[in-house]
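Asks: Quick one: the structure is below, and I'll ask about it shortly.
The values are calculated or read from the model by the stated rules, or taken from the named source; none is laboratory data. The structure displayed is predicted, hence computed values, not measured ones. With ideal geometry, Cβ positions are generated from the backbone for all residues, glycine too; neighbour counts draw on all protein chains shown. The area values use the complete protein model at the heavy-atom level, side chains included, leaving out ligands, DNA and RNA. Shrake-Rupley method; radii C 1.70, N 1.55, O 1.52, S 1.80 Å.
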Amino acid sequence: MTEHDTTRRTFMKAAGAAGAVTIVAGCLGDDDDGNGNGNGNGNGDDDGDEAEAIEPGTEIELDGQTPGWVGIAPDSIDGDENPTLVLEEGETYEIGWTEGDGADHNIEIRDDGGDVVDDLQTDEVSDPDDDQWLEFEASSDMAEYVCDPHETTMVGEIVVE
């Protein structure tokens, strides 16, 4: 074995170790709040704002895009991807989607275990209509709103206070 072979082998080991450290460091970033949807602070924008409570009786309007729900109304969620919805327990709200990207979507309200709460789900359609709205009373069982065909990207947190 020559000195050249030893140097090359040493270099390759060092390069491999540096690559592994880089990959692990990228996974340890603190930009995510741990809710799994990659939204940082959980309200769909990364500007550090906390999600605002939504007034009882409000219609929560969303745009169904495969990469994520986009808030339309109320103004506090406008433009946010997978906005966190802060609701008041026992109060009535409506949630639905009025625009979409042409793919099949639906909307469901699920609990922490991923089960639909109180049959709050719509049929899958590519063009939203009046049937894509759910009226519900906020309860502590509610954890998220989800599009079933795109449950890994179209999912937002529900916080009931």
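Asks: Among 117-126, 149-158, how do they line up from the highest to the lowest mean number of other beta-carbon atoms within 10 Å? Intermediate values should be presented prior to the final figure.
Replies: On the way: 117-126: 13.8, 149-158: 19.0.
Put in order of decreasing packing, that is 149-158, 117-126.
Asks: How far apart, in nm, are the 7 Å Cα→Cβ label points at Gln121 and Thr152?
Replies: Here the answer is 1.9 nm between the modelled labels.
Asks: Here's another thing I want to ask about it. Which percent of the accessible area of the stretch 68-145 is formed by carbon and sulfur heavy atoms (probe 1.4 angstrom)?
Replies: Values: 1090 of 3630 Å².
Here it works out to 30 percent.
Asks: What residues have an amide H closer than 5 Å to that of Leu85, excluding those fewer than 5 places away on the same chain, when H is modeled at 1.01 Å from N in the peptide plane?
Replies: The answer is Glu157, Ile158, Val159.
Asks: Mind checking the full-extension length gain between Asp78 and Ala103? Use 0.36 nm per residue of separation minus the Cα-Cα distance, one decimal, nm. Numbers along the way, then the final one.
Replies: Values: separation 25, 0.36 × 25 = 9.00 nm, distance 2.14 nm.
That pair, Asp78 and Ala103, stretches by 6.9 nm at full extension.
Asks: Related question: Whole number in Å², please: accessible area per residue of the stretch 75-161, 1.4 Å probe, ligands, DNA and RNA not counted. Walk me through the intermediate numbers first.
Replies: Details: 4210 Å² over 87 residues.
Value returned for the stretch 75-161: 48 Å² of accessible area per residue.
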